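Q: So that we are looking at the same thing, I have put the structure below in structure tokens.
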Amino acid sequence: MTMHRRSLLAAALAAATLGVPAAALAQQQAWPARPIRLLVGFAPGGGTDIVARTLAPKLSELLGQQVIVENRAGAAGTIAADAVAKAAPDGYTLLAGHANSNAIAPYVLAKVPYDAITDFTPITYIGYVPNVLVVNPAVQAKTVEELVALARAKPGVLTYASSGVGSTQHLAGALFNRIAGTQMNHVPYKGSGAAIVDLLAGQVDTNFDTMPPVLEHIRSGKLRALAISTPQRLAQLGDVPTFEEKGIKGFEVTNWYSVMGPKALPREIVAKLDEAMKKAMADPDIRAKLDPQGVQFGGPQTPEAFAAFIRAENTKYAKLVKDLNVRAE
């Protein structure tokens with residue numbers, strides 16, 4: 001009997017003793033044995049894409065297999081989320097998870113082909129980024145007050161872009177309209193990248209985008225930032241006031257980032273992925289790239305705590321969506 005066959009026989013006997021299928025046991029012991037796909041639900045250039053592509057090389061190094069970022073844009077990230085929900089629970093298809101697909105869109109879209117809570121395995125919470133109200137410089141508003149006055153004077157004329165129906169940008173715009181008493185029209189895209197292109201070109205007037213994809217445009221003067229959704233001002237945009245400062249009370253919309261897998265992902269794989277993610281997030285080089293993007297680290301520290309966080313987020317946004325009467329156009 002060859003050494004290879006003896007190893008297989010030993011694995012099979014061990015599996016039989018434990019009541020675990022031999023193939024599943026061998027798979028868990030060998031994982032990862034091939035490249036891992038990390039699905040991003042938006043076109044390149046948005047916040048989720050930036051965070052995923054920043055982490056992927058370090059994860060590849062730590063796991064010993066390439067982590068490939070794959071963009072599947074559309075429907076506020078739900079196309080990518082659905083692909084992961086229906087994937088085999090073997091650790092080779094993961095989701096760059098976020099509030100859009102796993103807390104907001106299920107209550108905005110007419111039908112989402114997965115359960116945002118039960119069809120996924122929460123692995124690691126990365127952090128959140130604030131939403132920033134930005135306008136094209138051609139818009140005659142240099143403050144929130146001026147934008148509100150302009151929007152009230154021209155109801156239904158000004159527009160705000162988003163990365164899709166059911167995204168944080170969509171919800172942020174709807175919430176701003178209600179609090180400020182304005183009627184800006186929503187223009188959805190398949191991701192922040194495309195939305196920002198049109199915002200820069202003046203095809204749309206405003207956006208409540210996440211910080212990473214708009215930061216450099218703010219610094220270069222191509223976009224004007226009017227307010228940020230953090231409780232206090234951020235050092236990266238120290239001259240940009242918070243919504244609270246500007247009288248927009250109760251504006252609590254942010255987008256969080258994470259890594260998730262399909263339901264029933266083996267605990268051993270979850271633990272290994274979570275450990276690698278924690279190491280990557282603590283790496284000084286990664287921090288040096290994500291800190292300037294406004295990523296706020298912290299939050300749930302274990303997969304179990306992250307699962308509880310997701311349940312709470314679904315409760316929060318289900319109520320907010322109902323209160324705002326936001327539905328797919």
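Q: Just to be sure I understand the model, the point goes 7 Å from the Cα along the line to the Cβ. What's the resulting LYS263 to ALA308 distance in nm?
A: Reported label-point gap for LYS263 and ALA308 is 2.2 nm.
Q: Taking K and R as +1 and D and E as -1, what net charge do the other residues with C-beta under 13 Å from the C-beta of ILE286 add up to?
A: +2
Q: While we're looking at this one, here's another question. Separation of region 274-308 and region 38-101 by C-alpha centroid, Å?
A: Between the Cα centre of region 274-308 and that of region 38-101, the gap is 15 Å.
Q: Once the other residues with Cβ under 12 Å from the Cβ of MET260 are scored (Lys, Arg +1; Asp, Glu -1), what is the net sum?
A: Working: positive: LYS263; negative: ASP119, ASP274.
Here the count lands on -1.
Q: What does the charge count near ALA99 come to, summing +1 for each Lys or Arg and -1 for each Asp or Glu among other residues with Cβ under 14 Å from its Cβ?
A: Local net charge: -1.
Q: Once you charge only the Cβ atoms, +1 for Lys and Arg and -1 for Asp and Glu, what is the size of the charge dipole of the chain about its Cα centre, to the nearest 20 debye?
A: 360 debye
Q: When the label point is put 7 Å from the Cα of GLU275 along its Cα-to-beta-carbon vector, which residues of region 46-86 have a backbone N closer than 13 Å?
A: 62-64
Q: Right, another one. Using only Cα atoms, find the angle between the long axis of helix 211-220 and the longest principal axis of the chain, and express it within 0 to 90 degrees, rounded to the nearest 10.
A: Helix 211-220 and the main axis of the chain meet at about 50 degrees.
Q: So which aspartates and glutamates pass the test for LYS142, namely a Cα distance under 16 Å, with those fewer than 8 places away in the same chain ruled out?
A: ASP205, ASP239, GLU245
Q: Please find, in a Gaussian network model of the chain (springs between Cα atoms separated by less than 10 Å), the residue of GLY77, GLY191, GLY250 whose mean-square fluctuation is greatest.
A: GLY250
Q: In the Gaussian network model of the chain, springs joining C-alpha atoms below 10 Å, which of PRO284, PRO137, PRO213 carries the largest mean-square fluctuation?
A: The residue with the greatest mean-square fluctuation here is PRO284.
Q: Quick check for you: with a 1.4 Å probe and neighbouring chains kept, what is the accessible area per residue of the chain, in Å²?
A: About 43 Å² of surface per residue is accessible.
Q: On to the next question. Need the full-extension length gain, ARG219 to PHE297, defined as separation in residues times 0.36 nm minus the C-alpha distance. One decimal, nm.
A: The ARG219-PHE297 span can extend by a further 25.8 nm.
Q: Something else: Of all the accessible heavy-atom surface of the chain, with the other protein chains kept in place and a 1.4 Å probe, what percent is carbon and sulfur?
A: Carbon and sulfur atoms account for 55 percent of the accessible area of the chain.
Q: Could you tell me which of GLY156, ALA308, GLN203 has its Cα farthest along the dipole of the chain towards the positive end, charges placed at Cβ (Lys, Arg +1; Asp, Glu -1), taken about the Cα centre?
A: ALA308
Q: Between ARG152 and ASN325, what FRET efficiency follows from the Cβ-Cβ distance if R0 is 22 Å, with the result rounded to 0.05? Walk me through the intermediate numbers first.
A: Details: r = 20 Å, r/R0 = 0.92.
For R0 = 22 Å, the calculated efficiency reads 0.60.
Q: ³J(HN,Hα) across region 172-186 via Karplus (A = 6.51, B = -1.76, C = 1.60, θ = phi - 60°), whole Hz, x for Gly/Pro?
A: 4, x, 5, 5, 4, 4, 5, 5, 8, x, 10, 9, 7, 8, 8
Q: So what's Rg/Rh here for the chain, counting alpha carbon atoms and using the Kirkwood radius for Rh?
A: Taking Rg over the Kirkwood Rh, I get 1.04.
Q: Calculate the spin-label point distance for ALA88 paired with GLN66, positioning each point 7 Å from the Cα along the beta-carbon direction, and give it in nanometres.
A: If labels sit at GLN66 and ALA88, their model points lie 2.0 nm apart.
Q: Pull up all non-local amide H partners of THR242: gap of 5 or more, or a different chain, and H-to-H distance under 5 Å with H placed in the peptide plane.
A: ILE228
Q: Of the cross-linked pairs LYS111/LYS289; LYS86/LYS272; LYS190/LYS316; LYS86/LYS322; LYS272/LYS319, which ones have a Cα-Cα span greater than 30 Å in the structure shown?
A: Result: LYS111/LYS289; LYS272/LYS319 exceed 30 Å.
The values are calculated or read from the model by the stated rules, or taken from the named source; none is laboratory data. None of these values were measured; they are calculated from a predicted model. Quick reminder, even Gly has a Cβ in these numbers, built from the backbone with ideal geometry, and neighbours come from all protein chains shown. Calculation scope for accessible area: heavy atoms of the full protein, side chains included, ligands and nucleic acids excluded. Shrake-Rupley method; radii C 1.70, N 1.55, O 1.52, S 1.80 Å.
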